[in-house]
Amino acid sequence: MRLKWDLLKSKLFIRYLLSYLLISLIPLIVLTSVIYNNSVTALREEIELANINQLKQSRNIMDTRMSELYDIASRITYDEQLTPYMVHDPYYSMEATNALRKYKASNSIISELFLYYHGDSGVYSSRGVTDIHTLLGQVYQFNNWSIEQFKQDINEIKQPVIRPVDKVVINGYDTSSMLVYLVPIPPNDTASAHGTVMFFMEESVFSSLMDPILKQFQGRVYIFDHEGMLIASRSHGNRENDMNLQELAKLGEGTHNIKVNQESHSVVVVKSETNGWTYVASLPSDQFFDRVQHIKSYIWLAATIVILGGALLAVYVAKRQYHPIHDLLQFVKKKNELVDAEHIKGQTEFDWIKNTLSIYSDRVDIQEPYVRNQYLMTLLRRGAPNDEEADQLFKMLGLTLNGTHIFVAMIAWEEAPDQPYSVQDREYMIQMLTEVEMPERQIHLYGVELAKRDQMALIINMVRDESISIQAQMERVINDVYMMIRENSSLILSIGVGSSYTTLEQLNQSYIEAATALEYRMIHGKGSVTFFDTISVRPEQNFWIPKDGLLKLTQSLKQGNAKVAMDTLHSMFDELKEQQLSIALLRSMSFDIINTVMRTASDLGIQDAAQYLPDISQYESLEELELKLGELSVYICNQMEKIEETEQRTLLDEVIYYIDQHYAEYSLSLEQLAEEFRVSVSYLSRSIKEKTGETFSQYVWHLRMNEVIRLITTTDQPLKEIITQVGYHDAPNFIRKFKKEMGVTPGQYRKNAGMNVEDGEESDNADE
């Protein structure tokens, strides 16, 4: 509690806290705002675009359907069975009726199809000829379409017209909502129009094409003609509103926001370039942008959590950063006898610390020699952390390193046999070697007294003399030092010299090398000078197994290539046999090869290879080891082949399963499969042939044909729908192939199976 109270009283801590809060919270708030705006805007645009695209899909479907009706009217115009002569002739009138029946069956949205020629009293349909008064007075009784208006429309229209939805009583008892599409014939020559084709359509079939836009919302969809008249509408969720239909019909393409009874509605509008119709979807905005509201809530919740977390983190970091200062302050207060507390009262923690450090700095100056020796000892043991820091400390301690190269010499001394040991000699030598400068040699030398008895380290800094080798220059320097000591002391000296380096970071390496060289005085005798670089190195120390050989061995095992693996092993063991190596090094290198093989097996997931390790580790000769490793390599390669075969079989099973599930898709192809499973087309083609005994095309054809046979013998679907359903768009071509293979057409096959489906048989005959 005392610490927390001190924190609140500290101006420095408050400054820390405010700075960290500003540093953390401002970027977080700005970043959150940017993410919020971008996310909400992007999601709104995505939702609007999705709904526009759905409405466009409905428009495209509707345009396609209306174009189909227009095409039917065009075909009727030029159908020889439907000329005025043929429909009036008692003998051929039945053929005309059958022809109209086929046209009606060719489009699923047509409830009834009528043909009228100007001046006639009758109207022709798939059921025969009907009197106009009977048609509109008894069969179809429209609420808003009188017989007189009907006669006027069918005799005078010069261009295709669709009547809005109207309530119709059919045969006196059945009520329905219907649309009527009137097309003059011929459609493309209004001047010579001599008749009218009438398409009666149920509103439910017509407007169901607009359901996708409303499947997730409660709203309405409207269709207006080119003059702004409402043709049809569709509602979902029984939501009624007081929309101004004339205003809706005049809206431009895109997304609009309209208020109705204080409730905001999002209105999506698209127009048809084919017939000028306008398609409008009106949805409550709270549903239209429901996902946006959720995202807003999530973002604000996340932002609140992040900002609170940032604030807590700022407090935590400020406390951690202030804690060392607080500890230093407590240390200063404990040493308050050094500080005039009244003089610095009211100052910050930094002022207290500054004054204390100033006092301690004065003390350090008094103890500089000791500090100097300790710092140099640290350099010898650990090296300088970096050159810049070392230069600063050297300047602080009054040291100079202006040379280009630096190395360490270790000195050990003993008393001469004919003279007693002199403490004065030792102290004099240490004092003499504390710092030595040889301007003529461009040498600066610093001595460091070691804890070990009768030893001293010399840090020697020199400027490189390019006229001689570095080794010769180092020998000349050491000789000068040796002679200087000998002239002023009777002690017997032994010197070990480390390698020369260009940075203080490597000084510890030279120190270790010098200590190593000094140990050679046991071989070279007392009073010797030994350079580390001249210590003999056994030839075997420069030999090791080439890395490229190990890499080649690893890769051959991964590829399952036993021959290359065996050849690589043989080559490496031959090279080992040619070298004159010690037993210890030979075993070490052999185990490196063993480790390479075992590690590769582990990486490949062949865990049971570890059971070979105890046997492989016990070998009496390189030939025996090569034989055992060869057997293990062959085993690993065989396992890799099995793994590869298993993966290939699994992949092919997945391909066949995919074809079985997607054979009815028109876009299914070898190229699509190759892209889906990331293999080549040629490989896939060969594999499917091996697996099924058929080519890809044959296999898919039989799947589709079997499905067609199943559907035509178990359902009453029209043949054209069945063929499209299994992935074929060209029905005549399918029928020809079916007949070639089965001997009969699909319609005949259905008839033989006992399925008397009139629509399917007629479609079959028509395609033939």
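The values are calculated or read from the model by the stated rules, or taken from the named source; none is laboratory data. No experiment lies behind these values; they were computed from the predicted model shown. Every residue, glycine as well, gets a Cβ built from its backbone with ideal geometry; the counts of neighbours run over all protein chains shown. Surface accessibility is based on the protein's heavy atoms, side chains included, excluding ligands, DNA and RNA. Shrake-Rupley method; radii C 1.70, N 1.55, O 1.52, S 1.80 Å.
Which chymotrypsin sites (Phe, Trp or Tyr not before Pro) in segment 591-675 sit in a loop by DSSP (not H, G, I, E or B) and have at most 15 other Cβ atoms within 10 Å of their own Cβ?
When the chymotrypsin sites (Phe, Trp or Tyr not before Pro) of segment 591-675 are filtered for loop state and at most 15 Cβ neighbours within 10 Å, Tyr666 remain.
How far apart, in nanometres, would the label points at Ser204 and Thr714 be if each is projected 7 angstrom from Cα along the Cα-to-Cβ direction?
Spacing of the two 7 Å Cα→Cβ label points: 2.7 nm.
Probe 1.4 Å, all protein chains in place: accessible area of Met640 in Å², nearest 10?
Rounded to the nearest 10, the figure is 30 Å².
So, taking all protein chains as they sit and a 1.4 Å probe, how much accessible area belongs to Ser19, in Å² rounded to tens?
Ignoring ligands and nucleic acids, Ser19 comes out at about 40 Å².
List the trypsin sites (Lys or Arg not before Pro) in segment 659-759 that DSSP assigns to loop (not H, G, I, E or B) and whose Cβ has at most 12 other Cβ atoms within 10 Å. Which are they?
Arg678
For a quick check of understanding: with a 1.4 angstrom probe and all protein chains in place, what accessible area in square angstrom does Phe199 have, to the nearest ten?
0 Å²
Can you run phi through the Karplus equation (6.51, -1.76, 1.60; θ = phi - 60°) for segment 52-68 and list ³J(HN,Hα) in whole Hz, with x for Gly and Pro?
Karplus values, whole Hz, x for Gly and Pro: 4, 5, 5, 5, 5, 4, 4, 4, 4, 5, 5, 4, 5, 5, 5, 5, 5.
Taking the Cα-to-Cβ direction at Gln455 and at Met483 and moving 7 Å from each Cα, how far apart do the two end points lie in nm?
2.9 nm
Of Lys720/Lys751; Lys104/Lys720; Lys56/Lys271; Lys689/Lys739; Lys250/Lys271, which ones are farther than 20 Å apart at the Cα?
Flagged as over cut-off: Lys689/Lys739.
Which order do the peptides 174-187, 478-491 take when ranked by the mean count of other beta-carbon atoms within 10 Å per residue, highest first?
174-187, 478-491
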